[in-house]
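Laboratory data are not the source of any read-out in this text; all were calculated from the coordinates shown. Since the structure is predicted, the reported quantities are computational estimates derived from the model, not experimental observations. Here the Cβ positions follow ideal geometry from the backbone for every residue, glycine too, while neighbour counts run over all protein chains shown.
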Amino acid sequence: MTVRKRQMKLGLFLWATGHHIAAWRHPKAHVTAGIDIDHYIRLARTAEAAKLDMIFCEDAAGLREANVGIASQTSRSIGFEPISLLAAIAVQTERIGLVSTASTSYNEPYGLARTFASLDHLSGGRAGWNLVTSANHIEAANFGSTGLRPHADRYERAREFAAVVAGLWRGAEALNHEGQSFSVKDALDLPRSQQGAPVMVQAGASEDGQDLAARTADVVFSAAQTFEEAKALYDGLKGRLAAYGREPDDVKIMPGVAPVVAETEAEAREKYEALQELIPDDVGVALLSSYLSISDLWRYPIDGPLPELPPSEGMKSRQALVIEQSRRDNLSIRDLARHFAGARGHWRVVGTPAQIADELQARFEGGAADGFNVMPSWFPGELDAFATLVVPELQRRGLFRREYEGRTLREHLGLKRPV
Amino acid sequence: MHIAVSFNIASAAGQAAEPDFSRIAGFVRKAEAAGLDMVVISDSAAGGQQASSPFEATTLLAALATVTERIGLVAGASTLAHQPYNLARRFASLDIISHGRVGWNATMVQGPREAANFSRPEGISDDDFRRRAEEFIGIVQGLWKGWDTDALLFDKVGGRFHDPEKMHLLDHKGEFFSVRGPLNVARSPQDTPVLVVSGLAETDLDFAARMADVILIEEQSLESAKAAYDDLRRRTLAAGRNPDAVKVLISAAAGPELAVDRLEAWFGAKGCDGFSMVLPPLPSALDDFADRLLPELHRRGLPRPDYTGTTLRARLGLGGGNRP
């Protein structure tokens, strides 16, 4: 008798024309993605044919970039609203999970619980909610004049929000909730989901975010560049679960990975460099400026080194490391800008199917991930490459399913049905 | 004559057989095949009792958009249960998913128990509700126009995805809301989603005449329907709009004894632009309507102008674009 090997979970992270900032300029990228529903249905079916656990839509209720000149050189200012997008995809697919982001700052729990319950019914138990608290001033300006709430307040509201939503999804009892931010009298006026309740997803990496995830999340999407970083995040979060009476396996941790794959390593590198060349200088510099919290980076020669800067208030240790590293390696502002614009702080792997499978396997078996949220650099090409080259390699190694065993997203992920 | 069919998916409390998606989709496809202009779907949020439908209206609409091709799809969504930015975005997105066949049914009457479930335990007065709804609707329509129709360039080589001059902030600051904009969804294929208003009181009529594309009024005697219709057309003209830019449909119960003769009489006397047939909240009523009453209407050949357009606006003779 053979013992079934533990298998990794894989999500497809959908975003605009691709995760690379210049994705839309790729000659074969589907540039009208943001107004073409058939394109998204095709992507979902590709992911389903590859037996992926879920597709995931990130979201913000506003533009991504305040500088209109910069925004107009990216494809991220327009796109589908994700819940309507996934509801359309729900009835055009059969097995794949459907996870959408929605903010606890700009919704009410009763309405959100209803909408996701409906998505869960439309899909036969395949829905998930990625909870975000929204830390973005552009969004705040679309929801009143009070501006962004302080971090701690946002999380307090999010904790209450998540508890109310879980209560509504759980059942028929009138809720009679009277809290700090919300009051909800009745039970949800929709029947209970086929998977018990939609899957709860979170991504917050802050202390408050991790604590909330440990209490409520079924899945955590994280961002980690190195194995050590990923392992520390993984162990840290799993270690918090016991305090809330949960088992390590109750939460699946899925870091983002941005693969660039081709038959040969040289070809993969070439593909990646070609995409990097398409980043307009001002777009790259704007992204780097905001990452490093340096507002006037555009004043300095782009082929020169980063200027000497006084340490700023908001600068985090990782950003300080980036500056240090760039000095050591003699990187120009352009080099550094492209480096960041390309990966958005996520883990990038460039190579052959076997090389990418090696990297994923090492993090999976090394106890740094339960699976991965795959971020193709452009659509549909890099998704097709991952589905046809990397997934079969993972399947050959017994690291990923060849067929769906379950029907619901909870079944795919091996999650308990909530009581 | 314009014919809509309207049903509330969530009001059949206690029904054993809840309508599943394929049943609702089958019904809407039959309505489409019979040449109806649109379906108007409502769900009663916060009824406080277990509903017979597992769906919320806007998500259901997205799914229906993928299995239909021509019929207009209108969903009710409460101004109390949503923020204007989110609602404008949801419908703008639905409109792109459906290739320009979507409408929003905004009602000027608050739903029972809505306030109690949306963090307003003290309630909201009807007067405040109406003023808030008017501001809300204005914001939504403004957001829908934030991108010019030719704003998207898709110029890969030149690196210009959109023309920054053709994206406009709303910068709304009002009594209840402050919304900067713009929407992060492209312009609608039919210019803007169709705005259907219902639940109008006397004090809402000028507002409706100024803003609405379609006005639903309650079933009444032929004389009073005619008076209400003429009144709305006068107000529309006074608001600086062509009276034909607003379609007035009478909500009529479509029971088993549907009086097709009566509908013909109303329409013939120019008491309305058409009807919205309200189905009883029974799953079986969908099948009954599609199988028995639609063929009867069809057989009578109630006149409908021959529109060549594919969008809901074009079907309703509202102009406003007919792009693919």
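Of note:
- Inter-part distance where the range A:359-406 and the range A:159-196 are each reduced to a Cα centre, Å: 36
- For the residues of B:174-186, the average number of beta carbons from a partner chain within 10 Å of their own beta carbon is 6.
- Least to most buried among B:Asp213, A:Asp53, B:Asp261, B:Asp20 (fewest other Cβ within 10 Å first): B:Asp261, B:Asp20, B:Asp213, A:Asp53
- Largest GNM mean-square fluctuation among B:Arg233, B:Arg89, B:Arg299, using chain B with Cα springs under 10 Å: B:Arg299.
- The mean count of C-beta atoms from other chains within 10 Å of the C-beta of residues in A:172-185, rounded to a whole number, is 3.
- For A:Glu270 and A:Asp296, the difference between the fully extended length at 0.36 nm per residue and the C-alpha to C-alpha distance is 6.2 nm.
- Measuring r between the beta carbons of A:Asp281 and B:Arg160 and using R0 = 22 Å, the FRET efficiency lands at 0.90.
- Computed P(r) (all Cα pairs; the range B:75-152; 5 Å bins; percent): 3, 14, 24, 23, 16, 10, 6, 3, 1, 0
- Here, the range A:203-259 has an Rg and a Dmax of 10.7, 36 Å when only alpha carbons are counted.
- Histogrammed with a bin width of 5 Å, the alpha carbon distances of the range A:266-342 distribute as 3, 15, 27, 25, 17, 8, 4, 1, 0 percent, first bin at zero.
- Highest-fluctuation residue, A:Ala87, A:Ala135, A:Ala320 considered, GNM on chain A with Cα pairs under 10 Å: A:Ala320
- Summed residue charge, Cβ within 12 Å of A:Asp211's Cβ, Lys/Arg positive, Asp/Glu negative: 0
- For chain A, adding -39500 (n - 2.57) for each run of n ≥ 4 DSSP H residues and dividing by the number of residues yields -12000 deg cm²/dmol at 222 nm.
- Percentage, to the nearest whole number, of Cα pairs in chain B over 30 Å apart: 33
- The relative contact order of the range A:118-211, computed from alpha carbon pairs under 8 Å that lie at least 6 residues apart in sequence, is 38 percent.
- Residue with peak Gaussian network fluctuation, chain A [Cα springs, cutoff 10 Å], from A:Met375, A:Met200, A:Met54: A:Met200
- For chain A, the fraction of C-alpha pairs farther apart than 27 angstrom is 52 percent.
- Rg and Dmax [Cα atoms of the range A:1-119; Å; Rg one decimal, Dmax integer]: 16.5, 63
- Residue exposure sequence - A:His30, A:His20, A:His137 - by fewest surrounding Cβ within 10 Å: A:His137, A:His30, A:His20
- The protein assembly as shown - Rg and Dmax from Cα coordinates, angstrom: 26.5, 87
- Other protein chain C-beta atoms within 10 Å of residue C-beta, averaged over A:187-197: 4.
- Sequence-distant contacts, meaning Cα pairs under 8 Å at least 6 residues apart, place the relative contact order of chain B at 21 percent.
- Dividing the alpha-carbon radius of gyration of the range B:111-162 by the rule-of-thumb value 2.2 N^0.38 Å gives 1.98.
- Rounded to 5, percent antiparallel among DSSP beta bridges of chain B: 15
- Those residues of the range A:42-67 whose amide nitrogen sits under 18 Å from the label point placed on A:Leu148, 7 Å along Cα→Cβ: A:59-67
- For chain A, the relative contact order works out to 24 percent when only alpha carbon pairs closer than 8 Å and six or more residues apart are counted.
- Efficiency of FRET from Cβ geometry, B:Ser284 and A:Arg417, R₀ 35 Å, rounded to 0.05: 0.60
- Residues in the range A:93-108 that a label on A:Asp250 would reach, taking backbone N under 14 Å of a point 7 Å out along Cα→Cβ: none
- Nearest-0.05 FRET efficiency for B:Asp126 and B:Lys226, computed from C-beta distance (R0 45 Å): 0.95
- Cα convex hull volume per residue for the range A:243-289 (Å³): 141
- Relative to the compact-globule estimate of 2.2 N^0.38 Å, the Cα radius of gyration of the range A:270-417 comes out at 1.32.
- Cα centroid separation - the range B:219-241 against the range B:137-210, whole Å: 28
- In terms of other Cβ atoms within 10 Å, A:Ser105, B:Ser53 run from fewest to most in the order A:Ser105, B:Ser53.
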